[in-house]
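Worksheet for the structure shown next.
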Amino acid sequence: MSRRRRQKAAFRLIVLLLVTILGGCVVIGPQPDGELGRRQRQQAEQLIKGHDYQAAAKKLALATINLPNDNETFLRYGEVLEALGRQAEAAEVYHRALKNDGDRKNQLRYRLALLQTLQLDQLPEAVALQRQLPPETFQAGDLQAVILLQQGRPRQALILLADLAKKVRAEDQAAHIAYHAALAYRSLKDDNNTYSSLYQAINRAENLGLIQQIQRFWNHPQPAGRSTGHPGK
C-alpha cells in the first residue's frame, strides 16, 4: 500500500472513531439540587414578607428547577405570579406541575381551572378539569359554582356556594366562597350583598392571587351612590 493510501486509510479510521465517540456522548445539563432549591424557597418567602413579589417569583422559578416534584413550591410560584397579574404564566406553571410526580394534583387542577374560568376565557378546559376532581371536595364544589356563574346562572351558583359555606372551616376557602358570591351578586346587580361578600372575602383571604383579584374588583368603577373606600383586612 502506498504512503498516500495509508494516510487516507488512517484519516478515515480517525473520522470513524470520532463519529463513534461523539455519537455516544449524552449532553447532561445541571442536575436538580434539592438543598439549593429549599434555600431558594426560603429566600422567596422572605421576599414575599417584604412584598417584593418580582424578586420572589425569580427565586421560585429557580426553586422549581431544583425541586421538580415539589408541588407546594409550584403552587407558591403560581400564586406569586397571580399576585403579579401574570395569569397566563401562572397557568403554565400549574400545567407543568400536573405533569410531574408530585402530589397536590387536585389543588393544582383547582387553581388552574379558576384561572381558565375567570381570567383566561377557557371555560371548556376548566369544565374538563372540574370533572377530574373528587365530587365531595371543596375544590369541586367551588369550581362548579364558578362555572355556573360563567354560564350565566348566578342564582344556581349562589345556592351551591351557600351550601358549601356551611361545610368549610379553612379561612382561605371561606374567602374564595365569599369572593365568588360577590361576583354572582354583582351579576345580579345586588350592590349590598356584593360588597358585604367582598368584605368577608378580603378579611379572610390568604392566597396572594385571590387578594389581588379582590383588590382589582374593588378598584373597578363603583355603581352610583356607592362609597369608594377600600376594604380593610
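Worth a mention:
- Estimated FRET transfer efficiency when R0 is 30 angstrom, pair residue 36-residue 86 (beta carbons, to 0.05): 0.80
- Modelled label reach - residue 203, point 7 Å along Cα→Cβ, region 145-185 residues with backbone N closer than 19 Å: 162, 165-183, 185
- Among the listed pairs 105/189; 167/189; 59/99, a Cα-Cα separation exceeding 30 Å is found for 105/189.
- Length released on extending from residue 121 to residue 171, taking residue separation times 0.36 nm less the Cα-Cα span: 15.2 nm
Since every read-out is calculated from the coordinates, none of them should be taken as a lab result. Small disclaimer: the values here were computed from a predicted structure and weren't measured. All Cβ positions, glycine included, derive from the backbone under ideal geometry; neighbour counts span all protein chains shown.
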